[in-house]
Amino acid sequence: MIKIYETKTAPNPRRVRMFMAEKGLLDVAEFVEIDLQKGENLTPEFAARNPFKKVPVMELGDGTAVAETMAICRYFEESYPDSPTLLGDTALEKTRIEQWLRWIDFYFFMPTGMCFQHTSGYFSDRMNPIKEWGEDCGKAVVSFMAFLDEHLAGKDYICCDRFTAADINAFATVAFARVVNIRIAAEHQNLQAWFDRIKSRPSAKV
């Protein structure tokens, strides 16, 4: 049995769970909860699975450990080709989805995470929070939401005219941004309609 070490409330593990749920694969893995606040990810045992001590981590039956959200998603995409594809079928689809995944990670997800880490005090026992940096990252999050709202005009999904991993990653980021009090602005009706559309999917509830 595959094991997925995760913290269910954290956005990266949510991205993996949504991905697996969309492909109908939740039953192929055992999900093991890691308490980040208690530092369960800082133990030598966990560091042996991922030297950067982050969740999620996938552990295969032979003990092979793989970290990083999209690497884990790629494993399931390639291992189960008969389930719905979320990373693209054609060369162009794969390229467009990859472009969006990188944009979302670099310009949306990372600033959201930095805003949380540097303004919430959640990890103040193991890092040096710089409040001003966190606040600046928050501004970048708001800016990207405005960009997404404009992009989504007349579209149901972010790219390829269908639901993809780009929608999963952006949805998880918008949802997580609430912990730093960043929400979809009232004037961003395209983004709100898209968010509600993704939220209604069963995978958004796992």
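The values are calculated or read from the model by the stated rules, or taken from the named source; none is laboratory data. Note that the structure is predicted; figures quoted are calculated from it, not measured. Cβ coordinates were reconstructed from backbone atoms using ideal geometry, including for glycine residues, and neighbour counts include every protein chain displayed. Just the protein is used for accessible areas: all its heavy atoms, side chains included, with ligands, DNA and RNA removed. Shrake-Rupley method; radii C 1.70, N 1.55, O 1.52, S 1.80 Å.
For this structure, a couple of remarks:
- For Gly154, the criteria (1) in contact with a helix residue (DSSP H, G or I) (Cβ under 9 Å, 6 or more places away or on another chain); (2) farther than 17 Å from Glu22 by Cα; (3) open to solvent by less than 40 Å² (accessible area, probe 1.4 Å) hold in every case but one, which is (3).
- Of residues in the stretch 41-70 being touching a residue at least 60 places away in the same chain (Cβ under 8 Å) and among the aliphatic types (A, V, I, L, M), the one most open to solvent (accessible area, probe 1.4 Å): Leu42
- Among the residues listed as Glu68, Glu77, the single one being over 13 Å from the mean Cα position of the chain (by Cα) and charged (D, E, K, R): Glu77
- Residue check for Cys159: more than 25 Å from Arg197 (Cβ to Cβ), open to solvent by less than 40 Å² (accessible area, probe 1.4 Å) and under 18 Å from the mean Cα position of the chain (by Cα): no
- Test: residue in the stretch 99-108 that is out of contact with any helix residue (DSSP H, G or I) (no Cβ under 8 Å at 6 or more places or on another chain), over 30 Å from Ala47 (Cβ atoms) and not basic (Lys, Arg): yes
- Some residue of the stretch 181-194 being on the phi > 0 side of the Ramachandran plot, surrounded by 16 or more Cβ atoms within 10 Å (Cβ to Cβ) and either polar (S, T, N, Q) or modelled with pLDDT of 95 or more (or both): no
- Of all residues in the stretch 145-166, those that are over 17 Å from Arg102 (Cα atoms) and outside any loop (DSSP other than H, G, I, E, B) have Cβ atoms under 6 Å from Cβ atoms of residues that are open to solvent by less than 10 Å² (accessible area, probe 1.4 Å) and at pLDDT 95 or above, 6 or more apart or on another chain, in Asp149/Leu191.
- For Arg178, the requirement of being more than 24 Å from Pro84 (Cα to Cα), open to solvent by 50 Å² or more (accessible area, probe 1.4 Å) and not in a loop (DSSP other than H, G, I, E, B) is met.
- When the residues of the stretch 106-130 are filtered to those that are in a helix (DSSP H, G or I), farther than 19 Å from Lys53 by Cα and not aromatic (Phe, Trp, Tyr), the one that is modelled with the lowest pLDDT is Thr119.
- Ser120 vs. criteria open to solvent by 30 Å² or more (accessible area, probe 1.4 Å), more than 20 Å from Thr164 (Cβ to Cβ), touching a residue at least 12 places away in the same chain (Cβ under 8 Å) and of a type in the set (Gly, Ala, Ser): yes
- Subset of the stretch 2-20 [of a type outside the set (Ser, Thr, Tyr) and open to solvent by 30 Å² or more (accessible area, probe 1.4 Å)]: Lys3, Lys8, Asn12, Arg14
- The lone criterion from (1) farther than 29 Å from His151 by Cα; (2) touching a residue at least 24 places away in the same chain (Cβ under 8 Å) left unmet by Glu78 is number (2).
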